[in-house]
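S.K.: Here it is, the structure, as structure tokens.
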């Protein structure tokens, strides 16, 4: 089944202002990046998507197996060989943080190495994408380097997060 309309985008904007004698000085600053991915498995292409809203119990953790366990929107098993884009967004209503990192066994380490963890406070998100010229993306190795750990930082309440992964099967 071909993938169509895959796009990754991120944008940041800020404007510094200062009162001057004869007006207001402004220094707008912005950074935007986007990439449209065609259908396939080479540079600038993707053929797999996983997207879900998930909830973890207090102190809960889960290891998302990127190679052969997740299901796409039509119920077919997804095997990522490479990830071209990842977004994880913690719900604004969470009390605890959502932790994103490598699992203790078979960690998917090409993004955060084998011990890296990103803390997403309530309402925060993590967005990572590769450029259109990058043929590799973030490699996934089935059975030995394919688990992305998501954890609830505390034991008081459940957390909810959204996840979206775009990548290639080969």
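The values are calculated or read from the model by the stated rules, or taken from the named source; none is laboratory data. Since the model is a prediction, treat every value here as computed from it, not as a measurement. Glycine gets a Cβ as well: all are built from the backbone with ideal geometry, and neighbour counts include every protein chain shown.
S.K.: Of the residues 95, 119, only one is under 15 Å from the mean Cα position of the chain (by Cα), farther than 28 Å from residue 41 by Cα and at pLDDT 95 or above; which?
M.R.: 119
S.K.: Oh, and also: Within the stretch 1-24, count every residue that is more than 15 Å from the chain's Cα centre (by Cα) and surrounded by 10 or more Cβ atoms within 10 Å (Cβ to Cβ).
M.R.: The qualifying residues number 2.
S.K.: Also, I was wondering about something else. In the stretch 151-170, what residues are assigned to a loop (DSSP other than H, G, I, E, B) and closer than 26 Å to residue 45 by Cα?
M.R.: 169, 170
S.K.: Right, something else. Looking at the structure I just gave you, is residue 38 modelled with pLDDT under 95 and outside any strand (DSSP E or B)?
M.R.: No: the conditions fail for residue 38.
S.K.: Which of (1) more than 22 Å from residue 43 (Cβ to Cβ); (2) under 15 Å from the mean Cα position of the chain (by Cα); (3) loosely packed, with under 15 Cβ neighbours inside 10 Å does residue 147 not meet, given it meets every other one?
M.R.: Here residue 147 meets the rest and fails (3).
S.K.: Is one or more of the residues making up the stretch 159-168 under 13 Å from the mean Cα position of the chain (by Cα) and surrounded by fewer than 20 Cβ atoms within 10 Å (Cβ to Cβ)?
M.R.: yes
S.K.: On to the next question. Of everything in the stretch 98-108 that's crowded, with 20+ Cβ neighbours inside 10 Å and modelled with pLDDT under 95, which residue is nearest to residue 136 (Cα to Cα)?
M.R.: Top of the filtered list is 108.
S.K.: Residues in the stretch 115-170 that are out of contact with any strand residue (DSSP E or B) (no Cβ under 7 Å at 6 or more places or on another chain) and closer than 18 Å to residue 33 by Cα: how many?
M.R.: The qualifying residues number 3.
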